[in-house]
Structure formats: structure tokens, C-alpha cells
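The values are calculated or read from the model by the stated rules, or taken from the named source; none is laboratory data. Here the structure is a predicted model, which means the values were calculated and not measured. Every residue, glycine among them, receives a Cβ derived from its backbone with ideal geometry; neighbour counts consider all protein chains shown.
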Amino acid sequence: MAAYARLMGEIQDDDGVDIAIVGAGFAGLHMLHRARGLGLTARVFEAGSDIGGTWFWNRYPGARCDIESVEYSYSFDHDLEQEWEWTERYATQPEILRYLNHVADRFDLRRSITFNKRVTAAHFDHDTATWRVQTDADERVEARFVVMATGCLSSTNTPSFVGIAEFGGQLLHTGQWPHETVDFTGKRVAVIGTGSSAIQSIPIIAEQAAQLTVFQRTPNYAVPAHNGPLDPAAVADVKADYETFRDENRRMIGAFGARVGRNEISAQAVSDDDRLIELERRWEHGGLSFLGGFNDVLLNQDSNELVAGFVRDKVRSIVDNPLVAEKLVPRTTLGCKRLCVDTGYYATFNRDNVALVDINDEPIERFTSTGLIAGGVARQFDVIVLATGFDAMTGTLMKIDIRGRDGLALQAKWEAGPRTYLGLQISGFPNLFLITGPGSPSVLTNMVVSIEHHVNWIGDCIAHVNEHGLHAIEATVEAEDQWVDHVNLVASFTLFPTCNSWYLGANIPGKQRVFMPLPGFPGYVDQCDQIVADDYRGFVFT
Ligand code: NA7
């Protein structure tokens, strides 16, 4: 096949590689480095004009990580983690992008990355056990292995608002933010959505804009970040034994927050006073570890209510206008949608130039050339910001024409929802790997930790295939079926399926409702290790 394609001029002689990697974010960059370390040839295809993935695209004001910067970094290189200096407790988007550029330069990664090329198809050829990868520039490459490092939140969701194309002002999406600075000074601005991106950007937009109107569908929970400059002594402490610090975090359910810890006690097992003291302590500390105050917040609805009630009271105490406060008070299960980490979000609604519209009471009817009509009221805007999230976890993969054995299309295979083994492989798609795919802890964890785990697993697996003179590895249907059942079972023990989250695909009209990530990082890592120890149980080699 390769020889025929070369003859036809479709591919050049140097176009065959061991591994084709799709995406140059945290996952793709590390996979490339690991591939080189194994002595393999690799090429990365990136749709963007530079590296960074999530941190390349999400440039909206206030964009920063909700995991602490000393944890949100690669652990694979001792010198790298010692030399890099984070400046703030939660790193901003520009700083994370600088970090990734530093990594790319330090390990000379760019020479293997092709930018501005979106992979449109990957077809498996059974006879040669190779993948033919194609880009939107009609470039074709043959590879023995394909690694989809395409990110979990990389396909933006733009709702089909009536008349959206008629809007004559500036229409922006937080997930596809322009590279040049957007100046909101003196402008009338609308933000649609109140997820994490909105909650980070709204306080900053409000400071600049003449007037900001926030259109909210579901009020969201946010805990304070208490961001600030990093204490050099605390950083030195981490760096003195980074390995132990990382290990401790890997043993946490979400692979982060070991220093704050998780209390192994029910929220119902303590007195009201003790519960309040613990929740206040965590609120004052700030960040996602707020959820670790008790061990059943995401397992027991009554426990959840106790903790959720604490946050609701906080919202009421921060927001001056009781009517606005009640609109902002979240009613859903706390943590069912990803908890947001904010800096001044709720207090922003005390500003005179900020208004809140609950679209359940005043639905968005249509966009107009000068703004939008909601609840029968026409409003004029210079800028409308869509903070409406992503077609998470499957969106990007389903847009690529991926065909496995016997021409099996991924779109057909996943029609009723994603099916994987370990979130790493798909039966019928030999030698194709997913990094943080559906069915793995991924978005419920510190993504960098999950990415590193998958990169190492895939690297070891490919080394195993090569060392044993094998051609291909593929998950069996039985193993995959059992894994899908396992993920559903674990999710059913939690409160995650109780709200319309993107974890469930519920934010995308028509998308199958399947809980996609697997809760529990340490247990998952143990399972992956055990499967390898059992000679790659659930996989077949050819
Ligand atoms: P999210 O968290 O998915 O938030 C999207 C927001 O947009 C959310 O408030 C949605 O309301 C709202 N939305 C979505 N569709 C509509 C329509 N059609 N009309 C009105 N409002 C809508 O995305 P983010 O970018 O904020 O954050 C993604 C992740 O990045 C986040 O979890 C962190 O991990 C970082 P809904 O709640 O669905 O009612």
C-alpha cells in the first residue's frame, strides 16, 4: 500500500512514520517527546498556527487554570520542573503558553510538528497494518500508530441562535478567542453562558465595559481562587522533593490537592458547627479542594445538599440585591458540573454596569443586526461573547473520518455514545490510541497528570509491540463491553448523572447521554497496571 501510494505520488518517501500524533497541546507534545525517546519517528499535526492546544485557543480575558500551577506541569523531566518558575498560584493562559513554548524549545519539538494542518481522516489498511492519515491540505502520511492527542474540550459549541449571522457587532467565542487584544472600553457587551470561561472573564469584562449583560441558563457554583503571587518558600519546599509531591497528588481521587487533603468522613457524620468550620476553612483556602471537605459530597444527595447550602449562603452574603442573588444561587447538585474557581465573580453583580438575565424567564428569541431579543425585549450590543462551552470529549474525534478494520467508521461505532477500553483504545481500530479518551478519568482530574499517565502507557505499549516483533494491538469487543459497563456502574454510584452536564453530553442538542469520564484516578491507574501485568488482558496482538 505504501509503495503504491508513493508510486502515485500521493506520499513522499520520507512521509512514512512510526507514529502520527494529532494535536500539539500538553498531550501531543509529551507524546512526541516520548516517541523520540523510544527511538521512533513521529510527526505531529496541529490545526492551530502554534503549539498549546487548549491554551492556544482559550485566550479570553481572565483565562487561567483551575489547578494550582505547581501541580499543573509535566513531571517527566527533573531539570524542567526545577528550572521553570511559576509566578502565581493559578497560572494565567499566557504563562501556561510560555511554559509549553519553553518545553517545545527545550526538547526541540517543533521540527516534528506541522502547523495549520487539521487532520480530516485516518484510515487503517489491514494488509499493511498501517494508518493513512490525511489533512485538510490534502497531505497524506502513513503511520503504524496513530495517537489522538486532540484534547477533551477542543470543539467549541456555538448554539444555533436564530439570526446569529445577522449580528453586525463583534461575535466572539471564549474557546476561539482572537489573538489581538479585545478592548471592551465603552462597549455594550453581552456574555451568554455562566460556565467556567464566563465566570473567569465576566469580572474583567465588567471592569472595562460601559455595560455588561450576562445571560444565564443555569446558575453555577464557584469557590474563590484566592489567587496571588506564589510564596518562594512554598515553591522551594515543593521543589525540594517534587517526586513525593507528585506521588501524593497521584494518590488523590482527582490527582490533585494532596497538600489540602480529603477528609474520609461523611458530611452527615459531623455536627453542624464542625461542618461549618471545615467548609469555612476550605473556602478561605480556596480552589477545587473545597469538594474534599467530606468524602460523600458526590456520593450522597443529603451530604451534597449540606455542602451546597453553604455555598448558596455565601452567594446570598456576597450579592447585595436579594433578587439578583436568588437568580445566581445554584440549585443543581454541587460538583455535578465541574466546580468553578473564581475571582470576584458573584461580587461583579453588585456593579451598576452589570445586569443578569435569567433566560429561563426571558428566553433568547433571536439575534438581530444590533443585538438580541430575549423575553420580548430588544437589547443593543457592540460585542456578544459566547461562553457556551464545548462538544466535550467526543466532538473533535467524531469530526474526523476515522475508519478502522473493514472500513468501520468511528462515527458509526460511537453512534449510541463512545465505547472504549480504558479510554485508551477502541475495538476495531488497531494501533489507534486516545489520550484521555472517554472512559478514562481525564476531565475529572488534573489533566496533565492523566495525560502523562496515558502517554507513558501508550509508549510502553508500543515498545512492547515492537520488542515482541508484533504488528498491531487492539482491544477486544468483550473487554470494551465490560469496560463500558464498568464506567457506567461507577458513575451510577455517584451523583454525576443527576444534572445536565457536558460530562454527560447534555449540553449538545441530540448528543447521546452517556457519562463519559471515569471517576477515580488511583483505582484506574491500578487497573491499567494490572491489565499490563496480565499480558495486556483484553487486548489482542497480531
Ligand atoms: P461550560 O462549562 O460548558 O459552560 C457553558 C455555559 O454556556 C453554561 O453556562 C451553559 O449553560 C451555557 N450554554 C450552553 N448552551 C447554551 C444555550 N444554547 N443558551 C444559553 N446558554 C447556553 O463551558 P466553559 O467554556 O465555561 O468551561 C468548560 C470547562 O473549561 C470547564 O468545565 C473547566 O473545566 C474549564 P448550561 O449549564 O448548559 O445550562
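Values for this structure:
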item: Matching residues in the range 167-199 - criterion: being loosely packed, with under 15 Cβ neighbours inside 10 Å, over 30 Å from Gln425 (Cα atoms) and touching a strand residue (DSSP E or B) at 6+ places or on another chain (Cβ under 6 Å); result: none
item: Some residue of the range 446-454 being away from the ligand (no atom under 16 Å from the Cβ), under 22 Å from Gly428 (Cα atoms) and in contact with a strand residue (DSSP E or B) (Cβ under 6 Å, 6 or more places away or on another chain); result: no
item: Residue in the range 342-367 that is nearest to the ligand (Cβ to nearest atom), counting only those that are closer than 12 Å to Thr194 by Cα and not in a helix (DSSP H, G or I); result: Ile359
item: Complete set of residues in the range 379-405 that are more than 18 Å from Ile426 (Cβ to Cβ) and more than 16 Å from the ligand (Cβ to nearest atom); result: Gln380, Asp382, Val383
item: Top-ranked residue in the range 496-519 [being crowded, with 19+ Cβ neighbours inside 10 Å and more than 16 Å from the ligand (Cβ to nearest atom); ranked as modelled with the lowest pLDDT]; result: Val514
item: Residue under evaluation Arg331, criteria (1) within 29 Å of Thr92 (Cα to Cα); (2) within 16 Å of the ligand (Cβ to nearest atom), criterion not met; result: (1)
item: Failed criterion for Ser160 (all others in (1) touching a strand residue (DSSP E or B) at 6+ places or on another chain (Cβ under 8 Å); (2) among the small types (Gly, Ala, Ser); (3) within 16 Å of the ligand (Cβ to nearest atom); (4) not in a strand (DSSP E or B) hold); result: (1)
item: Residue in the range 133-154 that is assigned to a helix (DSSP H, G or I) and surrounded by 14 or more Cβ atoms within 10 Å (Cβ to Cβ) present; result: no
item: Subset of the range 185-233 [in a loop (DSSP other than H, G, I, E, B), within 16 Å of the ligand (Cβ to nearest atom) and either closer than 12 Å to Tyr346 by Cα or free of Cβ contacts under 8 Å to residues at least 24 places away in the same chain (or both)]; result: Thr194, Pro219, Asn220, Tyr221
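So that you can scan it fast, the table gives a plain yes or no per residue for (1) surrounded by 24 or more Cβ atoms within 10 Å (Cβ to Cβ); (2) on the phi > 0 side of the Ramachandran plot; (3) touching a residue at least 24 places away in the same chain (Cβ under 8 Å); (4) of a type in the set (Val, Ile, Thr):
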| residue | (1), (2), (3), (4) |
| --- | --- |
| Ile435 | yes, no, yes, yes |
| Pro438 | yes, no, yes, no |
| Val443 | no, no, yes, yes |
| Val455 | yes, no, yes, yes |
| Val465 | no, no, yes, yes |
| Leu470 | no, no, yes, no |
